[in-house]
1. For the structure I just gave you, tell me whether A:Val62 is at pLDDT 55 or above and buried (at least 20 other Cβ atoms within 10 Å of the Cβ).
2. With the structure loaded, tell me whether B:Asp25 is more than 7 Å from chain A (Cβ to nearest Cβ) and of a type in the set (Asp, Glu) or whether it fails that test.
3. Quick test for you: out of A:Thr33, A:Thr69, pick the one residue that is of a type outside the set (Phe, Trp, Tyr), loosely packed, with under 15 Cβ neighbours inside 10 Å and over 16 Å from B:Thr198 (Cβ atoms).
4. Only residues that are under 21 Å from the mean Cα position of the chain (by Cα), within 9 Å of chain B (Cβ to nearest Cβ), in contact (Cβ under 8 Å) with a residue 24 or more places away in the chain and in a helix (DSSP H, G or I): list them for region A:37-87, please.
5. When the residues of region B:42-63 are filtered to those that are at the interface with chain A (Cβ under 7 Å from one of its Cβ atoms) and touching a residue at least 60 places away in the same chain (Cβ under 8 Å), which remaining residue is farthest from the chain's Cα centre (by Cα)?
6. Which of the residues belonging to region B:88-97 are open to solvent by 10 Å² or more (accessible area, probe 1.4 Å) and within 9 Å of chain A (Cβ to nearest Cβ)?
Amino acid sequence: MTETPPSPRTCPGTPPLSAEDLVAWLDDELSATDARRVESHVVACPTCAGEADLLRRTGDLVARLPRMTVSSGFADRVVAAARTAPAGRLVTSRRWSFVRTAAAAAVVVAGVGAWWAVSRPGDPGQLTAREEDEIARDLYVLAHLDTLQSADADELARIADDLDVIDAVPSEEGNGG
Amino acid sequence: MASEAPIRTPDDEKQAGASDVNADDDAALMIAVRGGDERAFTTLVRRWQDRIVSLANRYLRSAADAEDVSQEVFLRVHRARETYEPSAKFSTWIYRITVNASLNHIRSRKARKAVSGELRPAGDGEPGGLPEPADPNEPDPTEGPEKDELARVIREILDELPERQRTAILLNKYQGLGYEESAAAMELSIPAVKSLLTRARVAIKERLEPYLTTGEWPRERDPRA
């Protein structure tokens, strides 16, 4: 949908009442003088009265859209994250799941890599530099599984960043939002 | 997982006189947070969590994503405690962070889709290079299968609005911010927000008009089709 000028029903009044004034009147955002002017117009103009009724009900429907209630423990998780991630690192439940999945996947990859390295024909035991790096990373995860599973948010974020598996987190903001 | 709450509109809160009290309390709480009071931060999170997650969910339509983004929002608030100025209205500030974080999340999601080859062809983006709405086939976690059919239709209409119109109407009607506060949160002038709100309101009204006037959707104009 593109931005187009508001086009309510054509007001037959002279001068016609603008849609902006009608909406602002409904929202109680006009000065007392302007509010009286709009109100007088609406009372005398069935077209604008009908338009005002539809716009009012539209606003009410948006206002009454369902709200969410957060899951239990949300505030506790936020406070804990604020306490343990002073540098601004975020470790959401999703990212923690990702790291655990990565660790599990590393077990499989390392096993397959080791098997392939010793069983491939022609050049047994010889790995490329990249393969060595990947296996070294996977072995790191394997060797530190217990640490990863018990790490606090800050440590987990640091390790994950070191392993290059998580995007950078937005930097700190001030009052400017 | 998140669930649907009893609907309490911004107007309800205004009538209850809660907004002004909360505004003072929020600033006081942030000053306490600045002084290292963890309980103040907990109170602030509990006070704002439903509103922030609900707003994020209106952009993201995923309870998990909405909570992840909301956590990011609160952590940004916490990180910025040293530089917080009580002169800045807390609600304006946190809504601005929420909108920006939600839009950034959509951009990241869009980038991931591009990498995985799921991106729609270029040229169908929103004006100004702003991000696409979430996948329209993804269910909204706040909406049930049938009783919230109208809510689903409104959600789809909102998704099709240009980004700034959608943000303006969500801040003004869904979160109950006045024109001045909406303008501050969007870093726009009040006339600009007034114009965006009018366009959004008229666009939604035109799509809903068949339902509003008859109580049901004419088959040939059914926006759900």
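The values are calculated or read from the model by the stated rules, or taken from the named source; none is laboratory data. In this text, all values refer to a predicted model and were calculated from it rather than measured experimentally. Counting neighbours? That spans all protein chains shown, and the Cβs are built from the backbone with ideal geometry, glycine included. Just the protein is used for accessible areas: all its heavy atoms, side chains included, with ligands, DNA and RNA removed. Shrake-Rupley method; radii C 1.70, N 1.55, O 1.52, S 1.80 Å.
1. On the way: at pLDDT 55 or above: yes; buried (at least 20 other Cβ atoms within 10 Å of the Cβ): yes.
Yes; evaluated as a whole, the condition is true for this residue.
2. Details: more than 7 Å from chain A (Cβ to nearest Cβ): yes; of a type in the set (Asp, Glu): yes.
Judged against the criteria, B:Asp25 is a match.
3. Exactly one of A:Thr33, A:Thr69 is of a type outside the set (Phe, Trp, Tyr), loosely packed, with under 15 Cβ neighbours inside 10 Å and over 16 Å from B:Thr198 (Cβ atoms), namely A:Thr33.
4. A:Ala81
5. Here the residue is B:Ala63.
6. B:Ala88, B:Thr92, B:Arg96
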